[in-house]
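The values are calculated or read from the model by the stated rules, or taken from the named source; none is laboratory data. Note that this is a predicted model, so its numbers are computed, not measured. FYI the Cβ positions are ideal-geometry reconstructions off the backbone, even for glycines, and counts take in every protein chain you see. Each accessible area value is taken on the protein alone, full model and side chains, heavy atoms only, with ligands, DNA and RNA left out. Shrake-Rupley method; radii C 1.70, N 1.55, O 1.52, S 1.80 Å.
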Amino acid sequence: MRIAFIGLGNMGGPMASNLARAGYELALFDLDSNKVEAVQAAGAAAGNQAITASATASEAASSADIAFTSLPNPKIIEAVALGDRG
């Protein structure tokens, strides 16, 4: 199962890192590439190489069986889900 994780901040980062360490295949997106790299590093430390960075939230979600979002407010969630590139 491939999981998309969109939003890797204070809550999303630790959740995605736990999934990475558990060996799940992940497609990641965050506006801050350092946060994506931190989740990739957590997975790599556990031997998980099936973690990819996506250029957009839409790209991450379109390649996944399930998508999680961890975003700061409803307006941003709506824009990510229903906006021009949602």
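Under 19 Å from a label point set 7 Å out along the Cα-to-Cβ vector of residue 73, the amide N atoms of the stretch 9-32 belong to 9-12, 31-32. Where in the stretch 1-25 is the amide nitrogen less than 15 Å from a point lying 7 Å along the Cα-to-Cβ axis of residue 59? Residues 4-7 fall inside that zone.
Sorting 32, 84 by accessible area puts them as 84, 32; the probe is 1.4 Å, largest comes first, and only protein heavy atoms count. Within the chain, what whole-number % of the accessible surface is contributed by carbon and sulfur, with the 1.4 Å probe and all protein chains included in the calculation? That fraction is 55 percent. Summing charges over all other residues whose Cβ lies under 10 Å from the Cβ of residue 38, with Lys and Arg as +1 and Asp and Glu as -1, gives -2. Averaging 1/r across all pairs of distinct Cα atoms in the chain and inverting the result yields a Kirkwood radius of 12.4 Å.
Adding -39500 (n - 2.57) for every DSSP H run of four residues or longer, then dividing by how many residues the chain holds, sets the calculated 222 nm ellipticity at -12500 deg cm²/dmol.
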